[in-house]
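Inspection log for the structure reproduced underneath, given as C-alpha cells.
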Amino acid sequence: MICVSVTEKNPATLLSVANSCEMAEIRIDLCCLDEVSVEQIFSKLTVPAIATCRPQYCEDGRRALLLKKAIVSGAKFVDVEIESEVAFKSDVIACAKEHDCKVIVSYHNYENTPSHDELCGIVAECYLQGADIAKVATTAVTQSDCANVLSLYGQNKPLVALAMGTIGRITRVANLFLGSPFSFAAIDEAHATAGGQLTVEQMKICRQILK
C-alpha cells in the first residue's frame, strides 16, 4: 500500500488529498493542527491514516494530547519515535492499545545507515518498546546502504524499512515487494517530506511495472 504523507494546512484540502489516497500519514506537526482540527480531520477520514507529530512541533505533553486526540477520533496507526521519552511513549501507546490503533515505533537517521547488526538491534528495540510495526528510515550514502536496509526483511513481524536520499529511492519501491505493509510517498514533488521521496504517481508506475 502506498501511504501519502499529507502536509496541507487547509483542513478542506487536507481531507480531500488524504481521502484520495490508498492510505495517508497526517503530519499533525507540518499541518499545524490543534486539538479541534485533529478531531475534525481524523473523524472524517475514509482511508487508513497514521497520526504523526514530530517533537520539533511542540513539547511532549501537548504532543501526547494531539496524538491521543487523533487516536480516539479514528487514527488506525500512531507513530512514536524510538528516542522519545518513556513517559510520552507509554502514554500514547496505552491510548493506542485501548482504541485498537496500531503502534509504529520509528527510527530515523538523517546522516547515514548503521551496520546490519546495529539495524537489527534497532528493529528489535522497536518491538521491545511496544511496536506493532517497526519503522526504520536511514540515509543512503552508497548503494550498499540500500542493500543493508532491505536485508532487514524476512522477519515475521511487520516492518517498514527504507533509505532516504536520492540513492535510497529504490528502497521505497522494493520494500513493497519484500513484505512492507506500506511505503511512503508525496502527493507531488513540492510536498515531499523526506529526501528521495517519490510522488504517489511515480510509486504507482513503479509498482505496476514491477508486478
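Go through the stretch 148-165 and report how many residues are within 16 Å of S183 (Cβ to Cβ) and outside any strand (DSSP E or B).
Residues meeting the conditions: 6.
To keep it simple, each residue is scored yes or no on (1) without any contact (Cβ under 8 Å) to a residue 12 or more places away in the chain; (2) among the polar types (S, T, N, Q); (3) over 19 Å from A49 (Cα atoms).
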| site | (1), (2), (3) |
| --- | --- |
| T166 | no, yes, yes |
| I170 | no, no, yes |
| N175 | no, yes, yes |
| L178 | no, no, yes |
| P181 | no, no, no |
| A185 | no, no, no |
| Q197 | no, yes, no |
| V200 | no, no, no |
| C206 | no, no, yes |
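Name the single residue that is surrounded by the most Cβ atoms within 10 Å (Cβ to Cβ) among those in the stretch 180-197 being at pLDDT 95 or above and assigned to a loop (DSSP other than H, G, I, E, B).
S180
Only one of S84, S115, S73 is open to solvent by less than 60 Å² (accessible area, probe 1.4 Å), touching a residue at least 24 places away in the same chain (Cβ under 8 Å) and in contact with a Ser or Thr (Cβ under 9 Å, 6 or more places away or on another chain). Can you tell me which?
S73
Somewhere in the stretch 26-38, is a residue farther than 16 Å from V78 by Cα and in contact (Cβ under 8 Å) with a residue 60 or more places away in the chain?
There is no residue in the stretch 26-38 that is farther than 16 Å from V78 by Cα and in contact (Cβ under 8 Å) with a residue 60 or more places away in the chain.
Give the residues of the stretch 41-60 that are open to solvent by 40 Å² or more (accessible area, probe 1.4 Å) and over 17 Å from K76 (Cβ atoms), sorted by residue number.
P55, Q56, Y57, E59, D60
I'd like to know if the stretch 86-93 contains one or more residues that are touching a helix residue (DSSP H, G or I) at 6+ places or on another chain (Cβ under 8 Å) and in a loop (DSSP other than H, G, I, E, B).
No, that holds for no residue.
Return the residue satisfying two criteria in turn: it lies in the stretch 126-147 and is out of contact with any strand residue (DSSP E or B) (no Cβ under 8 Å at 6 or more places or on another chain) and either assigned to a helix (DSSP H, G or I) or of a type in the set (G, A, S) (or both), and of such residues it is most open to solvent (accessible area, probe 1.4 Å).
Per the criteria, the residue is L128.
The values are calculated or read from the model by the stated rules, or taken from the named source; none is laboratory data. Nothing here was measured: the structure is a model prediction, and the numbers come from that model. Heads up, the Cβs are rebuilt from the backbone with ideal geometry, glycines too, and the neighbour counts pull from every protein chain shown. In case anyone asks, the SASA skips ligands and DNA or RNA and just uses the protein heavy atoms, side chains included. Shrake-Rupley method; radii C 1.70, N 1.55, O 1.52, S 1.80 Å.
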